[in-house]
1. May I ask you to list pairs of residues, at least six apart or on different chains, whose Cβ atoms are under 6 Å apart, with the first in region 166-177 being within 18 Å of S230 (Cβ to Cβ) and the second being exposed (fewer than 15 other Cβ atoms within 10 Å of the Cβ) and not charged (D, E, K, R)?
2. Any residue that is surrounded by fewer than 12 Cβ atoms within 10 Å (Cβ to Cβ) and under 22 Å from the mean Cα position of the chain (by Cα) - is there at least one of those in region 8-18?
3. Restricting attention to region 142-166, and to residues there that are within 20 Å of Y219 (Cβ to Cβ) and either among the basic types (K, R) or in contact with an Asp or Glu (Cβ under 7 Å, 6 or more places away or on another chain) (or both), which single residue is surrounded by the fewest Cβ atoms within 10 Å (Cβ to Cβ)?
4. Of the conditions (1) of a type in the set (K, R); (2) exposed (fewer than 14 other Cβ atoms within 10 Å of the Cβ); (3) under 23 Å from the mean Cα position of the chain (by Cα), R22 clears all except one; give me its number.
5. Within region 153-172, which residues are of a type in the set (D, E) and modelled with pLDDT of 90 or more?
6. Tally up the residues in region 189-230 that are surrounded by 15 or more Cβ atoms within 10 Å (Cβ to Cβ) and among the polar types (S, T, N, Q), please.
7. Residue check: is K2 surrounded by 15 or more Cβ atoms within 10 Å (Cβ to Cβ) and either at pLDDT below 95 or of a type in the set (D, E) (or both)?
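The values are calculated or read from the model by the stated rules, or taken from the named source; none is laboratory data. Predicted, not measured: the structure shown is a model, and the values here were computed from it. Quick reminder, even Gly has a Cβ in these numbers, built from the backbone with ideal geometry, and neighbours come from all protein chains shown.
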Amino acid sequence: MKQLFIPNQRQTDILLLLFRFRFLTRPHFQLLLNHKYHSKIILWLNELANSKYIKKQQTSDTSAAYYSLGNEGRKWLIKNKLIKRPKLLDRIWQESGYSSTFREKCAFIAELYLDLLARSGGALRFWTKTDLSGIEHVIVPAPDAYFVIDQKSEAERFFVEIPSTPRTKNLIDHIERYTEYFFSNDWQENVSEEFPKVVILCSNVSAVKTARRHIKENYSDESDLHFVVSSDRTLEKILPKKKA
């Protein structure tokens, strides 16, 4: 009789990371788990994949393999009550059909989190789109990420949007969605915190110019509404220098 596979704590951590970020590669797990040996990460991933707790997608011999949650992983998280909104786990049945662009975006958000963690000296609170699902008074659909950097004097808050295409209409739709949210006062009246800066990370410089021009022409007088548009995916020019 085949022995039933039971994930260890580190493998359960991998499942939880995939729930939050959706698609990750082996190097992401090593960094997010702060683990020294990549061979151990590979062993854990192989055991999870062979037992259908996770799914592995690799488009070519040279590209990095992406991992996502599998059905057994979904069952494990539900059985152990590790997820507050288990209904979200039903999305795993559609994830095999998602584009490479979507997978890369999910992986980038994990990289953004790691960069922010290092840059902030650990004074970071970070939510993925999954983390934000169902939270009251957050814009719907939720941002690609929301984070807070706790400074000595005050906390800095940021919504992050990563448009799927650089088309003008798509960029303007993102901007207008946040201006409507800002003018609704839903955040200001219920969260009782300053409205976060809205960071829009574009795929190229031309898209940045388009978005900035629209903001300048329509919302330059709104002193409490701050858009930060950039093609610098590391946020190097947006956030404070890394702490020594």
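1. P166/N204
2. So the first thing to find is which residues in region 8-18 are surrounded by fewer than 12 Cβ atoms within 10 Å (Cβ to Cβ), and the list is 8-9.
Then keep just the ones that are under 22 Å from the mean Cα position of the chain (by Cα); that gives none.
No.
3. R157
4. For R22, the exception is condition (2).
5. Let us first name the residues in region 153-172 that are of a type in the set (D, E), namely 154, 156, 161.
Once the filter is applied, which keeps residues that are of a type in the set (D, E) and modelled with pLDDT of 90 or more, region 153-172 yields only E161.
6. 3
7. Values: surrounded by 15 or more Cβ atoms within 10 Å (Cβ to Cβ): no; either at pLDDT below 95 or of a type in the set (D, E) (or both): yes.
No, not satisfied.
Here is a yes/no grid of residues against (1) over 19 Å from E111 (Cα atoms); (2) assigned to a loop (DSSP other than H, G, I, E, B):
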| site | (1), (2) |
| --- | --- |
| F5 | yes, yes |
| R10 | yes, no |
| L18 | no, no |
| K36 | no, yes |
| K40 | yes, no |
| K56 | yes, no |
